[in-house]
Every structure is written in structure tokens, then in C-alpha cells.
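Q: Sharing a structure with you now.
The values are calculated or read from the model by the stated rules, or taken from the named source; none is laboratory data. These numbers were taken from a predicted model, which means no experiment stands behind them. Here the Cβ is made from the backbone with ideal geometry for all residues, glycine too, and neighbour counts use every protein chain on show. Heavy atoms of the whole protein, side chains included, go into the accessibility calculation; ligands, DNA and RNA do not. Shrake-Rupley method; radii C 1.70, N 1.55, O 1.52, S 1.80 Å.
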Amino acid sequence: MIFNMFHIPSYQIQVENWTEKQSQLLRLCNNSEFMNDDGISEVQTSYYGEDQSLNLVHDVVNILRREIQRFGREFDIRNPIVDYAWFQKYNDKDFHIPHNHGSEGWSCVVYIKFDPEVHKPTNFIAPFYDTKGSVITHIPKVNEGTMIFFPAMLTHYAPPSESHETRIILSFNIRTREMRVG
């Protein structure tokens, strides 16, 4: 009997009422402050504005509530808590190195400005190799309005952009239980 020993859960959906929600998200994005502060990647991000993220989380949840609730129902998560949110912009040769968002919970990427003819989606790297020792990479098919929920521990990256047309994504992290302090 052939079977898969391990499975990495993920969830991909299209945002409902995308045109309206895209406009709302772009307004938030345009009001965000961007910087590049990691010293390696070439990406403009609003990640480093902690006060900014607190306000953004509230607005993101209001805009994407139905989609976040759908995700929660699909994975039997009674109270998915969005605890950090940020935007990223990519132009020309911008990229983001392989990284993850910690060992617990979920993360999400929402493609706000994305042209499949000129942009590349997020690439996901399996936490194990194939039987020949090669890295297993998943490159999803996405469009504007696509949301991908994935385990926060899953390594992923944005390959170098090859376009002058700006690619914009929203990312956020979801806790599935109250975190202990101390």
C-alpha cells in the first residue's frame, strides 16, 4: 500500500467582493509607511511599524472577516486571532529571502496587486526533501484576490521581481490559542 506519511495543511481561496475589498486594502497600503530594514532582502515593507500594525490588524479583520472565518471553519479553529499584519511592495529586482513566521499558528498572504503575466507568486519550501535529496518547492497559481493560509513554520520566499509593475501583498499572522507569557 502506498500512502503519504506527512501532509502540510494549507488553504487557498479567492476574496469575495474583490474589487471593493481591493480598493479598501490599497487605501490602507497607501497610508502605510514602508522601509527596508533587514539588510538582506530587497523589499519595501510596513512590517517594522508595530503601532501601525495594531491599527492595520483591526482594519484587515474588518475587511477580510468572512474569509478569515471561512478559514477558521475549514480547520475547526474557533477563534482565529490576527495578531500582526503588514504590506510588502516589490519592483524591479526586489525579493524576499527564505523565511518563516515562527513555530506556532498560521500565516496568510493576500495578493493585492498581482499580474500573473509579469509577477511571481510566493514560493513555499517543504520542511523535508524528496527521496533523491532535492528540495521540494510549491509554487501556487494565484491572481489578485487570492488568499493563501499556511502554517507559520513553513519556509517561503518571494523570488526576484522581473517587472517595473509593482507587486503588492498583504501578510498577517494568526494565533489559534492564547499564547502564554513567561
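Q: In nm, to one decimal, how far is the HIS7 label point from the ILE139 one, both placed 7 Å along Cα→Cβ?
A: Distance between label points: 2.7 nm.
Q: Here are a few candidate values for Rg/Rh (Cα atoms, Kirkwood Rh): (i) 0.92; (ii) 0.96; (iii) 1.41. Which one was actually calculated from the structure I just gave you?
A: It is the value labelled (ii).
Q: By accessible area of protein heavy atoms, probe 1.4 Å, what ranking do LYS141, LYS113, LYS89, LYS21 get, highest first? All intermediate terms of the calculation are to be shown ahead of the outcome.
A: Values: LYS141 180, LYS113 80, LYS89 55, LYS21 15 Å².
Most to least solvent-accessible, the answer reads LYS141, LYS113, LYS89, LYS21.
Q: Subtract the Cα-Cα distance of LEU26 and ASP59 from 0.36 nm times their separation in residues, and report this length gain in nm to one decimal.
A: Numbers: separation 33, 0.36 × 33 = 11.88 nm, distance 1.18 nm.
Here the segment from LEU26 to ASP59 would lengthen by 10.7 nm.
Q: Carbon and sulfur: what percent of region 53-122's accessible surface (1.4 Å probe)? Could the numbers behind the result be given before it?
A: Numbers: 1610 of 3570 Å².
In region 53-122, the share of accessible area belonging to carbon and sulfur is 45 percent.
Q: Which order do you get for ASP94, ASP83, ASP76 if you rank them by accessible area with a 1.4 Å probe, largest at the top? Don't skip to the end; give the middle numbers.
A: On the way: ASP94 30, ASP83 60, ASP76 115 Å².
Largest to smallest exposure gives the sequence ASP76, ASP83, ASP94.
Q: Dipole magnitude of the chain about its Cα centre, charges +1 at Lys/Arg Cβ and -1 at Asp/Glu Cβ only, in debye to the nearest 20? Can you show the working numbers first?
A: On the way: 17 positive and 23 negative charges, 123 e Å.
Computed charge dipole of the chain: roughly 600 debye.
Q: Within the set of other residues whose C-beta is less than 15 Å from the C-beta of LEU25, count the net charge using Lys and Arg as +1 and Asp and Glu as -1. Please list the in-between numbers first.
A: Details: positive: LYS21, ARG27, ARG65, ARG66, LYS89, LYS113, ARG167; negative: GLU16, GLU20, ASP59, GLU67, GLU144.
Result for the neighbourhood of LEU25: +2.
Q: Next up: Give me the extension gain from ASP115 to GLU165: residue separation times 0.36 nm, minus the current Cα-Cα distance, reported in nm with one decimal. List each step's numbers first, then the result.
A: Details: separation 50, 0.36 × 50 = 18.00 nm, distance 0.85 nm.
Taking 0.36 nm per residue and subtracting the Cα distance, the gain is 17.1 nm.
Q: Using a 1.4 Å probe, what is the accessible area per residue for the chain, in Å²? Kindly include the intermediate steps, with their values, before the conclusion.
A: On the way: 10880 Å² over 182 residues.
Each residue of the chain exposes 60 Å² on average to a 1.4 Å probe.
Q: Taking DSSP loops as anything outside H, G, I, E and B, show the longest stretch in the chain free of GluC sites (Glu not before Pro) there with at most 15 other beta carbons within 10 Å.
A: Working: sites that count: GLU16, GLU33, GLU104, GLU117, GLU162, GLU178.
Result, exposed sites excluded: 34-103.
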